[in-house]
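Just below is one structure, and these are the notes that go with it.
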Amino acid sequence: MGVSDRDLLPCLSRFSGFSVAVMGDVMLDQYVWGRASRISQEAPVPIVCVERDTVAPGGAANVARNVCTLGGRAWALGFVGADENAERLRKTLRETGTDVDGLVALPDRMTTVKTRVLANNQQVVRIDREETAPASASAVERLRLELLKTLDRHAVGAVILEDYAKGVFSEGFMADVAALARQRGILVALDPHPSHPFNVKGMRLLTPNRAEAFALAGVYYRSAVRPLEKDTALLDVGARLLDLWETELLLITLGADGMALFTPGAEPVHIPTRARQVFDVSGAGDTVIAAFVMALLAGATPADAARLSNLAAGIKVGKIGTVGVHMAEMEAELKGHDA
């Protein structure tokens, strides 16, 4: 690749100088940890003896948390309910250093909560409590004003839009937010949802996974072909999305196959996975977009930003749960390996 891991250390050290606003569908991830040694007589399911409960930021909130653990400063903007879970989410975000003033409480909505039950560190069920109906026009306007306040008061270098299709983004609102940021010369990145193939152009960065990329391109999904240069279906999807979204950078995450970086007029770049063991992929996409954006702000080339985000993803999937990847972990990996 021409670049050693140690060559990326100066860029990583500059992460602490940048600030990011993260807007989108914020969630509270709840984990119920326990052990299972027998099957219930009532149904063919394990009996889980609960040992502890933990909570963590999820969705867009997890992206904001990762910006902070990577050394940056983050503002979380989105909708929560006027409920106890909203307070739990605010508390866990504050503990990471994330600003939560942009979380708009709506009495007629609940805070999205995803509860995962794990037995012997293996997930056995996930329970979602959520509302996916579009937020009201008045609620959206309140959120827009919170973004304007954040951009006017702070030196924000990037706005990350996290679309989990939970009611925050419509096509019009996403276009409005992107325009507000671009007018100020602020980088705009989007982690899109396949059910929202919006006609919003001019994002600097898109980060779908393989399945999402095919869905957004309106193309029937095809399994991976190795090596990348022979995966004609993926190459066609990448070219189509660059054209449809008029984006400068398209990073398609490929799970065990790593990532593929597409840029207009250039050959795609394949970044092999850095994961040694995969325990849990939940939240990996959140880590990827946070690390990629921080690297761009720190002056990395797109290829080097992809390598850093790939490294961060490899660290994340080696842990159970939605977690933040820390700058110290990245530094240790870069010093311990040579690309």
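The numbers here are math on the coordinates, done by the rules we state, and not lab data. For clarity, every value in this text was computed on a predicted model and none was experimentally measured. Positions of Cβ are backbone-derived with ideal geometry, glycine not excepted, and every protein chain shown enters the neighbour counts.
Computed over the range 166-225, the Cα gyration tensor eigenvalues convert (square root of 5λ each) into semi-axes of 24, 13, 8 Å, ordered from largest to smallest. In terms of surrounding Cβ atoms within a 10 Å radius of their Cβ, Glu51, Glu162 rank from fewest to most as Glu51, Glu162. Using a Förster distance of 25 Å, how high is the FRET efficiency between Arg52 and Ala328, based on the Cβ-Cβ distance and rounded to 0.05? My answer for the efficiency is 0.45.
Taking the three principal axes of the alpha carbon atoms in the range 15-77, the coordinate ranges are 56, 20, 13 Å, sorted in descending order. Within the range 112-151, find all residues whose amide N lies under 13 Å from a label point positioned 7 Å from the Cα of Ala43 along Cα-to-beta-carbon. Under 13 Å, as judged by backbone N against the label point of Ala43, lie 125-127 of the range 112-151. Among Phe198, Phe262, a tally of other beta-carbon atoms within 10 Å of each Cβ gives an order, fewest to most, of Phe198, Phe262.
For the range 210-261, the list of chymotrypsin sites (Phe, Trp or Tyr not before Pro) that fall in a loop by DSSP and count at most 15 other C-beta atoms within 10 angstrom reads Tyr220, Tyr221. Each label was represented as a point 7 Å from its Cα along the Cα-to-Cβ direction; for Arg184 and Lys335 these points are 3.6 nm apart. GNM on the chain, alpha-carbon springs under 10 angstrom: the most fluctuating residue among Arg276, Arg144, Arg307 is Arg276. Here the range 167-305 was treated as a single set of alpha-carbon atoms; its pair distances binned every 5 Å from 0 give 2, 9, 20, 23, 22, 14, 7, 3, 0 percent.
Using only side-chain charges placed at the Cβ, +1 for Lys and Arg and -1 for Asp and Glu, the dipole size of the range 227-267 relative to its Cα centre rounds to 80 debye. Taking every alpha-carbon pair within the chain, the share separated by more than 33 Å comes to 25 percent. Helical content of the chain, expressed as a calculated mean residue ellipticity at 222 nm, amounts to -10500 deg cm²/dmol (DSSP H runs of 4 or more residues, -39,500 (n - 2.57) each, divided by residue number, nearest 500). Extents of the range 236-339, largest first, come to 36, 26, 21 Å (Cα atoms, principal axes, whole angstrom). With θ taken as phi - 60° and the Karplus curve 6.51 cos²θ - 1.76 cosθ + 1.60 applied, the whole-hertz 3J(HN,Hα) list for the range 138-155 is 5, 5, 4, 5, 4, 5, 4, 5, 5, 5, 4, 4, 5, 5, 6, 9, 9, 7 Hz, x standing for glycine and proline.
Between Glu131, Glu267, Glu212, the residue with the greatest mean-square fluctuation in the GNM of the chain (Cα pairs under 10 Å linked by springs) is Glu267.
Across the range 1-128 the C-alpha pair distances fall into 5 Å bins from zero in the proportions 2, 10, 17, 15, 13, 12, 11, 9, 6, 3, 1, 0 percent.
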